[in-house]
Amino acid sequence: MLPPDMPRRDYYEVLGVDRDASPEEIKRSYRKLAIQYHPDKNPGDPRAEEQFKELAEAYQVLGDADKRARYDRFGHAAAGGAGGSPFQDVDVQNVADFFESIFGDVLGMGRERRQRRGRDLRVDIVLDLEEAARGVDRELAVTRRVPCGTCRGSGAAEGARSQTCSTCGGSGQRRIQQGFFVLARPCNACDGSGRVVTRPCADCEGTGTVRKEVKVPVAIPAGIESGQAVVMQGGGDAGAHGIPPGDLVLRIVVREHAVFKRDGDDVHIVFPVTFPQAALGGSVQVPTLWGDVDLKLKPGTQPGQTYRVRGKGLAHRDYGQGDEYVHVDLEVPTELSARQRELIEELAASFGNGGGDGGARTAHPKRRSFLDKLRDKLRG
């Protein structure tokens, strides 16, 4: 709250929004300004602390439809005076927790306010495109901290007992005053467990955990992309003295394919065909991530023409399947037999110079159009 002798600003002015702003606009503006004035970003700045608290008070009113309606009608006078808090149920004593309850751990401080966990582990998994298309099950060898088998994770030697930590009184947290905040941080003496041992276990040195290589089965979903992650909750290091384990984070890397180019859930391939296949049409076998399929070429298929093969791409993460796009490339032979050369020369002679009868005109429409345009240009 502001000091009683300081005039209270209009809440819309505090949040920098118009009076007809939508709830999303109000929330977005509060988030932006609260991050700017958050005490974690402005340590030791009392003015930033006051502005941060003022922002929280304004948002707790304007972010609630009923409170906003009362404020729009009565203003600060709704509380019976311009100097007091306009709503008795507005709690601004722990605005940092209020901020995190709305937007989460934006500044990376949330974990220190929560119970400490074991360390997260990160592992890269390299996949071929075919594996990414189908999904794959693997078994990984991961070295991580696991509960000590000797003391069963307690950290105490045989016959010894754990007792309440005298530093934190068993809460596992130390409370630190920062300006108008009271922040809770894990206790250093007991690693946040709230318990300490009088005689530590020799195998784990009192931590309750030891390093061990374990086999972890993982299931990679179909259609996953490079850079995405699969999080296995509780698959990371076990925490000391029975604290919950961290997570195992699998970062996916999909290799570039020699033939297929991925575009989201679709794939593209450049497929060479011969002149007779392109001219006459017919069925050809093209590769896909799911095996070869028959593709029917239309007579007169042109270089660069694209055919769509439905359902032969990668799986959508939610539903369905992507497609494969086949881009036709006309392959010209580099060597000819005498007979092949004779036949091609005979075929070329039948086409003439692009003139002749109607059949020749329809056989090469692009060439005919080009020559007509050229003649018109020369005549003009």
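Bear in mind that the values in this text are calculations on the coordinates, not laboratory data. From a predicted model like this one, the values you see are computed outputs, not experimental measurements. Using ideal geometry, Cβ is built from the backbone for each residue, glycine included, and neighbour counts are taken over all protein chains shown.
Values for this structure:
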| item | result |
| --- | --- |
| Region 10-77: trypsin sites (Lys or Arg not before Pro) falling in loop per DSSP and having at most 14 other Cβ within 10 Å | Arg19, Lys41 |
| Summed residue charge, Cβ within 10 Å of Pro217's Cβ, Lys/Arg positive, Asp/Glu negative | 0 |
| Global geometry of region 184-229, whether rounded, prolate or oblate, following the gyration tensor of its Cα atoms and the 1.5 cut on a/c | oblate |
| Relative contact order computed over region 261-330 (Cα-Cα under 8 Å; 6+ residues apart), in percent | 40 percent |
| Proximal charge balance of His268 [Cβ under 11 Å; K/R count +1, D/E count -1] | -1 |
| Region 282-341: GluC sites (Glu not before Pro) in DSSP coil with no more than 12 other Cβ atoms inside 10 Å | Glu335 |
| Neighbourhood charge, 10 Å Cβ-Cβ cut-off, centred on Leu248 and excluding it, Lys, Arg +1 and Asp, Glu -1 | -1 |
